[in-house]
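J.: Okay, here's the structure, questions in a sec.
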């Protein structure tokens with residue numbers, strides 16, 4: 001057998017998620033159960049930056065925790081390099097936890113306030129290098145994330161939020177991972193510091209060949225860092241595709257609504273800002289139909305077809321003839337109708353003083 005070409009190796013998925021369910025709560029008549037993920041299937045390719053986006057409660061953080069092995073699936077599987085994480089033995093699991101590291105939202109909560117930076121970083125090196133080499137490795141770890149060796153003997157409370165997040169990233173890198181799962185890593189930081197940390201992620205991906213899964217609600221983060229985007233809604237994966245197509249010409253009505261809700265940064269242009277309902281439970285999703293049907297502007301424009309309420313749409317790959325890139329997956333009965341009705345909405349919006357449709361607005 002001939003060895004695989006480098007291009008083929010790069011395309012191989014590191015993670016393969018199949019029919020993943022996650023339900024919190026015990027079964028029983030009097031217990032409350034929450035379905036965080038519902039039949040999610042996705043692949044994470046080697047060397048890419050994948051963005052997981054959606055509203056609060058969409059399941060994106062739960063999916064990130066399942067990828068890193070912090071949670072066990074209720075049903076389905078998460079494969080890493082072909083091995084089911086749930087079936088890994090202790091030695092395999094230890095290797096996996098070195099290969100896949102997580103960066104959390106709150107850097108201060110991620111660090112022991114009673115341990116210095118030297119102590120925090122040393123734990124990742126002690127089993128792999130000699131004591132004489134430790135200081136050199138610690139200094140290199142700090143320099144890699146833009147910090148100085150003089151910070152080694154300081155405590156977490158002596159650093160700013162951005163510096164603490166850099167320390168957390170440096171700690172993750174001490175075990176030489178191949179994957180970083182980042183859960184809202186810049187949401188607690190000032191805007192200028194956010195840009196610095198995102199540039200750091202981009203540089204690390206380029207220099208170390210890291211695979212990054214970015215869990216975020218901030219579409220600016222996705223646009224800057226990610227190669228592909230996966231959109232979740234109430235635990236369902238409704239759209240997956242290349243970043244530019246998902247952001248600029250998405251094929252799911254929820255994604256259109258989500259993208260149009262992003263702040264445009266201009267307080268004077270209020271008429272082009274869409275109205276988007278924040279009430280996820282305003283109408284309960286139908287048990288057998290599309291979960292987005294109660295909020296769907298496209299369904300209203302199509303005359304409320306019964307199919308949306310009676311049949312759950314299946315995830316399907318759109319034909320390459322109508323998409324800008326292959327492998328674009330959408331969960332919608334009428335995905336092909338989205339661009340047409342979105343253009344009509346923009347034309348109505350341009351001729352009026354407000355959004356033409358509830359939840360719709362200009363994607364510019």
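J.: Highest mean first, how do 138-145, 211-218 rank when packing is the count of other Cβ atoms within 10 Å averaged over residues?
T.: Working: 138-145: 17.8, 211-218: 22.8.
Top of the packing list down: 211-218, 138-145.
J.: Something else: Given the peptides 236-247, 65-76, arrange them by the average over their residues of other C-beta atoms within 10 Å, most packed first. Numbers along the way, then the final one.
T.: On the way: 236-247: 22.8, 65-76: 17.4.
Ranked by mean Cβ neighbours within 10 Å, highest first: 236-247, 65-76.
J.: Compute the helix-to-body angle for 161-173: its Cα long axis versus the longest principal axis of the chain, expressed 0 to 90° and rounded to tens.
T.: Result, in degrees: 70.
J.: Could I ask something else about it? Convex hull volume of the Cα atoms in the stretch 41-106, per residue, in Å³?
T.: Numbers: hull volume 7.7 nm³, N = 66.
Convex hull of Cα atoms, per residue: 117 Å³.
J.: Further, regarding this structure: How tilted is helix 131-144 with respect to the longest principal axis of the chain? Cα atoms for both, answer in degrees (0 to 90, nearest 10).
T.: 30
J.: Can you match semi-axes √(5λ) of the Cα gyration tensor in Å to one of these, [x] 35, 21, 20; [y] 41, 23, 17; [z] 39, 24, 20, based on a calculation from the structure here?
T.: Working out semi-axes √(5λ) of the Cα gyration tensor in Å from the coordinates points to [z].
J.: Find the relative contact order for the chain and round it to a whole percent, using C-alpha pairs within less than 8 Å whose residues are 6+ positions apart. Present the calculation step by step, with values, prior to reporting the outcome.
T.: Values: 624 pairs, mean separation 61.6, N = 364.
After rounding, I find 17 percent.
J.: Antiparallel versus total DSSP beta bridges in the stretch 13-233: what percent is that, nearest 5?
T.: Details: 15 of 32 bridges.
Once the DSSP bridges in the stretch 13-233 are tallied, antiparallel ones form about 45 percent.
J.: In the Gaussian network model of the chain, springs joining C-alpha atoms below 10 Å, which of 168, 117, 23 carries the largest mean-square fluctuation?
T.: Residue with maximal mean-square fluctuation among 168, 117, 23: 23.
No lab work stands behind these numbers, since they all come straight from the coordinates. Fair warning: this is a prediction, and the values are worked out from it, not measured in the lab. Every residue, glycine as well, gets a Cβ built from its backbone with ideal geometry; the counts of neighbours run over all protein chains shown.
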